[in-house]
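Every number in this text was worked out from the coordinates using simple rules, so none of it is lab data. These numbers come from a predicted model, not from an experiment. Reconstructed Cβ throughout: ideal geometry from the backbone, glycine too, with neighbour counts over all protein chains shown.
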Amino acid sequence: MIKIRGFTKRYGDLVAVSGLDLDIEKGDVFGFIGPNGAGKTTTIRFLATLLKPTSGQAWINGYPVTSRPDDVKRSIGFMPDAFGVYDGMKVWEFLDFFAAAYGIPKSKRLAIVSDVMALLDLTSKRDALVQTLSRGMQQRLCLAKTLVHDPPVLILDEPASGLDPRARVEIKALLRELQRMGKTIMISSHILSELADLCNKIGIIEKGKLLAAGPVKDVVASVRQHRVIMVEVTGEAEKCEIFLAHDPRVKNLTAAPPQFRFEFQGADAEVAELHRGMVTAGVPVLWFREVEADLEEVFMTITKGIVA
């Protein structure tokens, strides 16, 4: 649904994005990760037809961004990181205005606006003035505006920016519902915890260069040479430490009784064997689990070259 090839954007001597290639398939929820100034918004503005590239091309829903901008606009719902609302407009009028801008006939707009308000839980705010809405409700309204023409692709730049924790949870729930509806979603964010349990694919950009991209599990696996396992015991911590220290597959054992953390060189069957061996040896294991790398670890490793 989204394909980028060789996208470069320069501002004089400043290279904002350099030679970016990226593929996002239909139904993906793609997390575009990077610090402020990394090139995320520049890339998103290019995809939204708001920025001309220095070089390169992109296609959305099969349409080239630079030569078929009107078709691209009909194919995307774009939510910028900062947006304004029109004072004096009611919620339904705001959505009706954008539906009209997309060329939706007046005879169909009322039903579409009602459906979108219901999806975004805005029905109770139908006649409220947009400037009286809370920040969270304004974010919902902006997301609703991107959906009035039922685009197959959503491009969202920092959709949870400035929201309180409750509103962030609600926005994530809405995005999951849109994923279930079959939308292809590209989300830009520098808040990694927002993306950890939402995206099936991620891309990491730093100083205008895409450093890694692909399924979350593949990118996570690329930053670790070995599994990381944690164990907690209910007693006999010394017995646990001795047992682990004598297993040649255990590396970098860290003891903080009653918990132990270590790297393990082995496949799934060997992990199960280790657990069984500890229990058989009389180590009182309370719990035993593999520690998955989180996106913060992945990001720091890839951008700084630190081996986890």
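Data overview
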quantity	calculated
Per-residue ³J(HN,Hα) for region 255-262, Karplus 6.51 cos²θ - 1.76 cosθ + 1.60, θ = phi - 60°, Hz, x for Gly and Pro	9, 9, x, x, 10, 9, 10, 7
Percent antiparallel among DSSP beta bridges (both partners in region 2-221, rounded to 5)	55
Theoretical gain in end-to-end length, Leu50 to Thr234 [0.36 nm per residue, Cα-Cα removed]	60.3 nm
Inter-site label distance for Gln57 and Glu273 at 7 Å from Cα along Cβ, in nm	5.4
GNM flexibility winner over the chain from Thr43, Thr132, Thr146 (Cα, springs under 10 Å)	Thr132
Cubic angstrom per residue, convex hull over Cα atoms of region 225-292	75
Full-stretch length increase - Asp71, Asp13 - with 0.36 nm per residue and alpha-carbon distance subtracted	17.6 nm
Built amide H within the under 5 Å cut-off of Ala212, gap 5+	Ile204
Estimated vicinal HN-Hα couplings, Hz - region 195-204 in sequence order (Karplus 6.51, -1.76, 1.60; Gly, Pro = x)	9, 4, 10, 10, 9, 9, 9, 9, x, 10
Selected from Leu110, Leu174, Leu244 as most flexible by GNM, with the chain as the system and alpha-carbon contacts under 10 Å	Leu244
Cα→Cβ-extended label distance, 7 Å offset, between Leu253 and Val169, nm	4.1
Reciprocal of mean inverse Cα separation for region 72-216 (Kirkwood radius, Å)	16.0
Net charge dipole size for region 2-221 [Lys, Arg +1 and Asp, Glu -1 on Cβ; Debye, nearest 20]	300
Out-of-range pairs (alpha-carbon distance over 31 Å; input Lys209/Lys251; Lys3/Lys207; Lys108/Lys172; Lys9/Lys106; Lys125/Lys207; Lys183/Lys209)	Lys209/Lys251; Lys9/Lys106; Lys125/Lys207
Cα gyration tensor shape of the chain, rounded if a/c is under 1.5, else prolate or oblate by comparing a/b with b/c	prolate
Simple label model, 7 Å out from Cα along Cβ direction - Ser124 to Glu241, nm	5.6
Among Arg168, Arg74, Arg276: highest mean-square fluctuation, GNM of the chain, C-alpha pairs under 10 Å	Arg276
Length gained when the stretch Asp87-Lys207 is fully extended (0.36 nm per residue, less Cα-Cα span)	39.4 nm
Cα lying deepest toward the dipole's positive end in the chain, options Ser222, Met186, Leu110, charges on Cβ	Leu110
Highest to lowest packing among 22-35, 111-124, scored as the average C-beta count within 10 Å	22-35, 111-124
